[in-house]
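Bear in mind that the values in this text are calculations on the coordinates, not laboratory data. Please read all numbers here as calculations on a predicted model, not as lab measurements. For neighbour counting, all protein chains shown are included, and Cβ atoms are generated from backbone atoms with ideal geometry for every residue, glycine included.
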Amino acid sequence: MSAWNDWLTRSFFRIHANSIAAPKLAELPVEVQTRLRRMLHDITELVDLTPNNTGRMWTTGGEEPISLYLRVGRVQVRYSISEDTRSLTIEDVIPLDDEEPLGKTG
C-alpha cells in the first residue's frame, strides 16, 4: 500500500492525513487501508454532489469543521471536510480492540 500522503480524488478534493493519523494508517492491514481509501473517495464524491450553498453543513457555526467518524472493522477514523479548500483531513485513527468480540456481548 502506498504512503498516506496528500492525494487528489476524481472530484478534485484533496485527502490529507495529518501527522498523528498517517503513521497509524500505515500500520493498518492492507485490506483495511484499501477499503478506507475507497470509502474516503466515495465520501468526497458525495460531498461534491451537494449544492455549493450547503458548505456550512460541514462546519460548526460556519467556522470550525465538524469532526466526523468513519468505522472500518475495528478501526474508527476521525476526519473533517472543508468545501472552501476542497479537502478532507484525516485527523486520527482510533483502534477499537478493547471492545468485546461481536456475538459475545451481554
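The table that follows gives values for the structure above.
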quantity: At 0.890 mPa s and 25 °C, Stokes D of the stretch 6-46 from Kirkwood alpha-carbon radius, µm² per second; calculated: 227
quantity: Residues Leu49, Leu40, Leu70 arranged by fewest to most Cβ contacts within 10 Å; calculated: Leu49, Leu70, Leu40
quantity: Inter-label distance, nm, simple model (7 Å from Cα along the C-beta direction), Asp6/Asn18; calculated: 1.6
quantity: Residues whose placed amide H lies under 5 Å from that of Gln76, excluding near-sequence neighbours; calculated: Ile94, Leu96
quantity: Chymotrypsin sites (Phe, Trp or Tyr not before Pro) within the stretch 1-43: DSSP coil, no more than 15 neighbouring Cβ in 10 Å; calculated: Phe12
quantity: Residue-wise HN-Hα coupling along the stretch 65-82, computed from phi with Karplus coefficients 6.51, -1.76, 1.60 (Hz; x: Gly, Pro); calculated: x, 7, 7, 10, 10, 10, 10, 10, x, 9, 10, 10, 10, 9, 8, 9, 10, 10
quantity: Using a Förster distance of 25 Å, the FRET efficiency for Asp92-Val30 (Cβ separation, nearest 0.05); calculated: 0.75
quantity: Rounded to whole Hz, the Karplus (6.51, -1.76, 1.60) HN-Hα couplings of the stretch 7-21, x for glycine and proline; calculated: 8, 9, 8, 4, 8, 6, 8, 8, 9, 10, 9, 6, 5, 7, 7
